[in-house]
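Accompanying notes for the structure given below.
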Amino acid sequence: MLVQTPFDGEENVTSGTMPVEPLPAHILVVDDDREIRQLLTATLADHGFRVSFAANTREMDQQLRVAPVDLILLDIMMPGESGIEACRRMTRNGGPPVVLLSALGEESDRVAGLETGASHYLPKPCSAREIVATVRAALRVRQVGTGDGKEVLRFVGWTMDLAAWELTDPDGVLVGLTEGEFAVLRLFAERPRRVLSREQLLEGARGPDSDAFDRAVDVQVSRLRRKLRASGDEMIRTVRNEGYMFVPAVTR
């Protein structure tokens, strides 16, 4: 839980009096604990975000039909459909990025959460500062590559549209990538034939405020390798004790 003074009542959409940006991001908080919903809503609203809430994934789906959201802050342990199941479903259907919250904080739990396609995984208890920093880091991942709307990277027949967040294989088929996978692949493709350490990949893909760990990078790279394997080429090479290298030549 967060350490913060609770407030009376809940509102479906709230906003802070001093928004961080002109068009504040819309965050959906999904947690079956009413007090935690209140604290998360107040914390994010105080930092300039628009916030909606849901007590379970059924209400979450209802909220998503009402208005699009930029990010979902999703508790894992809930009655009915769990946060893990919901995150996997949304990743498969191309939903918004997800930050998972859980009382389970072991490395195996974090890895399992990230393997569903979550952008970040936060163990409880966590501070208000950590929540806000993680949400901002996850939103930065989404914003990467949306500048000119036309930049495209090409390598061994593959096409990576940075503005549309799309990867197309040599046969012209779209390949589904999670937020984290796309961010890591972009870092590789923009720095081909260079060894990138786990620390560089973590900071570049998740932001310097992320409480991430080395194993998370290994998970992302492993998933990318499986999805890029259709070409038959080794695209991501492990450099012992150093990190990873993106092998193909890349053109813009």
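What the table shows:
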| read-out | value |
| --- | --- |
| Inter-site label distance for residue 59 and residue 127 at 7 Å from Cα along Cβ, in nm | 2.9 |
| Long-range amide H partners of residue 163 with built H, under 5 Å | 151 |
| HN-Hα J in Hz across the range 189-201 - Karplus 6.51, -1.76, 1.60, θ = phi - 60°, x for Gly and Pro | 5, 7, 9, x, 6, 10, 6, 10, 6, 4, 4, 5, 5 |
| Theoretical gain in end-to-end length, residue 81 to residue 35 [0.36 nm per residue, Cα-Cα removed] | 14.5 nm |
| Vicinal HN-Hα couplings computed from phi for the range 172-184 (Karplus, 6.51 cos²θ - 1.76 cosθ + 1.60; Hz; Gly/Pro x) | x, 8, 5, 10, x, 10, 6, 4, x, 4, 5, 5, 5 |
| Length released on extending from residue 251 to residue 151, taking residue separation times 0.36 nm less the Cα-Cα span | 34.9 nm |
| Under 5 Å, built H, 5+ apart or other chain: amide partners of residue 124 | 102, 103, 104 |
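Each value in this text was obtained by applying a stated rule to the coordinates, not by laboratory testing. Just so it is clear, the structure is predicted and the values come from calculations on it, not from any experiment. Every residue, glycine among them, receives a Cβ derived from its backbone with ideal geometry; neighbour counts consider all protein chains shown.
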